Amino acid sequence: MFKKPSRAVEKVFVHHSASDLAEHDNIDTIKKWHKAKGFNGVGYHYFIRRNGQISEGRSLERIPAAQLKNNAKTIAICLHGLNEFSNEQVESLQILCRQI
């Protein structure tokens, strides 16, 4: 899944969606939320669903819109959830971070 971007990357930031609602467990919801905030599409590069499925968001060639004033040279990953995350999510996150 991961293909090294041509832009420089020094850090990976992991976020959460701040929602445990099942209907929010998809990248399209995050994209809608980000567009409503004025972003140019989804701000995260990856979204990890509760079942561990990894969805691609913003192109890795583009700087994310995820960490205010700290987006350059980063990759942004979002996990669905608020305080607790599934074993499948953690496993997918570990695999993705090893690839990065």
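From the list Ser17, Ser59, the lone residue that is out of contact with any strand residue (DSSP E or B) (no Cβ under 7 Å at 6 or more places or on another chain), among the hydroxyl-bearing types (Ser, Thr, Tyr) and modelled with pLDDT of 95 or more is Ser59.
Counting only strands (runs of 3 or more DSSP E) that sit completely within region 35-100, those holding 2 or more residues that are buried (at least 19 other Cβ atoms within 10 Å of the Cβ) and in contact (Cβ under 8 Å) with a residue 24 or more places away in the chain correspond to 46-48, 74-79. Only a single item in (1) at pLDDT below 95; (2) farther than 25 Å from Glu91 by Cα is not met by Met1, and it is number (2). Here His34 clears all of (1) within 22 Å of Gln99 (Cβ to Cβ); (2) touching a Gly at 6+ places or on another chain (Cβ under 7 Å) except the condition numbered (1).
The values are calculated or read from the model by the stated rules, or taken from the named source; none is laboratory data. Please read all numbers here as calculations on a predicted model, not as lab measurements. Heads up, the Cβs are rebuilt from the backbone with ideal geometry, glycines too, and the neighbour counts pull from every protein chain shown.
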